[in-house]
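Let me give you the structure first, and then I'll get to my questions.
The values are calculated or read from the model by the stated rules, or taken from the named source; none is laboratory data. Just so it is clear, the structure is predicted and the values come from calculations on it, not from any experiment. Positions of Cβ are generated from backbone atoms using ideal geometry, with glycine treated the same way; all protein chains shown enter the neighbour counts.
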Amino acid sequence: MPRISVIVPAYNAAGTIGLALRSTLRALPRDAEVVVIDDGSTDDTGEVAESLADHRVRVVSRPNRGVAATLTELLEITDGELVARMDADDLVLPGRFRRQVSAIEAGADAVFTTVITWGSGFPALPRPSAIRAEDFGMHLLLTNPVAHSTLLARRDTIVDAGGYRDLPTEDYDLWLRMAARGARITRLALPGLGYRVHPGQVTASADWRLASWSNAELAEAYSALAEKLIGAPARRITSLSIDDHLGRDEKLAEFDRFAARFEAALEGRSESARRALRRKLRERRSWLAARIEGNRTAPR
């Protein structure tokens, strides 16, 4: 049984999966496997993956079932103590797994890294900012601060939280549930991934974003974490922005009540954590105000 199972859902990624897998294999320790599910691709994704002819790579091809079902199946057909995620169009940077395994061995349950974005213009370097385990849940109440394809986690942590559910932002939903169960989740400062940005990404779709913002199961998971961390249930800021039953002032007032509880929960945290979270809180209020104004002025 390999210690690390890298799970890779792939759909119509023939042009990128070879480079993605080669970068993964170069960074992996010996005691690891890479398992790809070709999710009903209409191109040569499966053939390209198999052409690497590396004993650590296993490829399963089957009809399309969607990303959440594919991730669940990948968990079922692998057995590594640690589970890493990789996408078929990203690049693993040197040292990623070595640093993540060290963090796991130091007591973390799940470890992410920052990313270098590329594919549209010049590569964008991240602010080298780590997120400590004691602060990660507070970041989740403001936004999703990590890329799914940088995950390395204990398998038990994923399974105990219920695994992936078939809903938009299945990754953020899982982080919320893991954090609510007390998992120690961290983000390392150094980038571990080259994250490819392109127009065909699911996350670039306005329909996908709206489906996520209005999803009831995701709202419930978010509210449960809010109650645990700030002492009261709350709505996602994105969900509040699309509530047609509230006016501008009512939305901002609800956000400000949330912000007051959020501020109170920052007491006792490190100065750097408070500074980062307060900055993000201000940014989210500005985003909400701008979106409300945009909706008011948009043509009907």
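Would you point out the residue of segment 16-37, among those that are in a loop (DSSP other than H, G, I, E, B) and in contact (Cβ under 8 Å) with a residue 24 or more places away in the chain, that is surrounded by the most Cβ atoms within 10 Å (Cβ to Cβ)?
Leu28
Quick one: what pairs do we get from segment 60-72, first residue assigned by TED's automatic domain parsing to the domain that holds Arg85 and among the basic types (Lys, Arg), second surrounded by 15 or more Cβ atoms within 10 Å (Cβ to Cβ) and in a loop (DSSP other than H, G, I, E, B), C-beta under 7 Å, 6+ apart or different chains?
Filtered contacts from segment 60-72: Arg62/Gly40.
Also, I was wondering about something else. Cβ-Cβ below 8 Å, separation at least six or inter-chain, first residue in segment 45-59 and farther than 15 Å from Thr78 by Cβ, second hydroxyl-bearing (Ser, Thr, Tyr): which pairs?
Thr45/Tyr11; Gly46/Ser61
Quick one: is Arg184 at pLDDT below 95 and in contact with a strand residue (DSSP E or B) (Cβ under 9 Å, 6 or more places away or on another chain)?
no
Across segment 209-250, which residue is surrounded by the most Cβ atoms within 10 Å (Cβ to Cβ) among those that are among the basic types (Lys, Arg) and closer than 17 Å to Leu141 by Cβ?
That would be Arg236.
Collect the residues in segment 149-164 that are assigned to a helix (DSSP H, G or I) and buried (at least 18 other Cβ atoms within 10 Å of the Cβ), keeping them in residue-number order.
Ser149, Thr150, Thr157, Ile158
Here is a list: Leu75, Leu19, Leu82, Leu52. Which entry is touching a strand residue (DSSP E or B) at 6+ places or on another chain (Cβ under 8 Å), farther than 22 Å from Tyr164 by Cβ and of a type outside the set (Asp, Glu)?
One residue alone meets the criteria, Leu19.
Shifting gears a bit: Can you find a residue in segment 183-190 that is closer than 18 Å to Thr238 by Cβ and within 12 Å of the chain's Cα centre (by Cα)?
Scanning segment 183-190, I find no residue that is closer than 18 Å to Thr238 by Cβ and within 12 Å of the chain's Cα centre (by Cα), so the answer is no.
Applying the selection to segment 46-80, what residues are within 19 Å of His148 (Cβ to Cβ) and among the basic types (Lys, Arg)?
Arg65
Report whether or not Asp90 is modelled with pLDDT under 95 and charged (D, E, K, R).
So Asp90 fails the test.
Given the structure, is Leu167 in a loop (DSSP other than H, G, I, E, B), within 14 Å of the chain's Cα centre (by Cα) and in the same structural domain as Leu141 (by TED's automatic domain parsing)?
Answer is yes for this residue.
Find the helices (runs of 4 or more DSSP H) located wholly in segment 40-121 whose residues include 3 or more that are of a type in the set (Val, Ile, Thr), and list them.
67-76
Show the residue pairs that are 6+ apart or on different chains and have beta-carbon atoms under 9 Å apart, the first residue being within segment 155-166 and without any contact (Cβ under 8 Å) to a residue 12 or more places away in the chain and among the charged types (D, E, K, R), the second being assigned to a loop (DSSP other than H, G, I, E, B) and surrounded by fewer than 20 Cβ atoms within 10 Å (Cβ to Cβ).
From segment 155-166, the pairs are Asp156/Glu81.
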